[in-house]
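As structure tokens, the structure follows; a few thoughts come after it.
The values are calculated or read from the model by the stated rules, or taken from the named source; none is laboratory data. Computed from a predicted model, the values in this text were never measured in an experiment. Don't worry about glycine lacking a Cβ; one is built from the backbone with ideal geometry, like all the others, and counts go over all protein chains shown.
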Amino acid sequence: MKWDDVTLIILAAFGCITLLLTQISEVLAKLPQIIRAWRQVRHELSGGSAPGSRGYPAETAHSTTTTIEPSDRGRVSEEAETGRGED
């Protein structure tokens with residue numbers, strides 16, 4: 001075996017290790033989201049309460065409030081009066 005072959009094998013091995021560590025890092029970064037989603041699924045399957053109610057985990061409750069910017073207020077009120085939207 002030549003030194004060129006050994007060098008190539010070492011470089012390939014380091015490339016594979018780097019790729020593996022990168023993939024592990026990506027999975028670990030998403031782990032909290034995965035755990036929250038799994039808890040929510042278990043909660044829903046066990047007949048849990050509705051989002052926002054007592055007993056429902058606060059981190060999974062989402063707000064559905066819509067914010068209207070000051071520059072849009074005139075347009076929104078005009079659309080409400082005429083019944084026209086952006087549909």
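Of the residues Thr64, Thr60, which is β-branched (Val, Ile, Thr) and either at pLDDT 95 or above or loosely packed, with under 10 Cβ neighbours inside 10 Å (or both)? Before you say what the answer is, go through the steps one by one.
Working: Thr60 fails: either at pLDDT 95 or above or loosely packed, with under 10 Cβ neighbours inside 10 Å (or both).
Being β-branched (Val, Ile, Thr) and either at pLDDT 95 or above or loosely packed, with under 10 Cβ neighbours inside 10 Å (or both) holds for just one of Thr64, Thr60, which is Thr64.
The rows are residues; the columns are (1) of a type in the set (Val, Ile, Thr); (2) surrounded by 10 or more Cβ atoms within 10 Å (Cβ to Cβ); (3) under 21 Å from the mean Cα position of the chain (by Cα).
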residue: Trp3; (1), (2), (3): no, no, no
residue: Leu8; (1), (2), (3): no, yes, no
residue: Ala12; (1), (2), (3): no, yes, no
residue: Gly15; (1), (2), (3): no, yes, no
residue: Gln23; (1), (2), (3): no, yes, yes
residue: Ile35; (1), (2), (3): yes, yes, yes
residue: Arg39; (1), (2), (3): no, yes, yes
residue: Glu44; (1), (2), (3): no, yes, yes
residue: Gly48; (1), (2), (3): no, yes, no
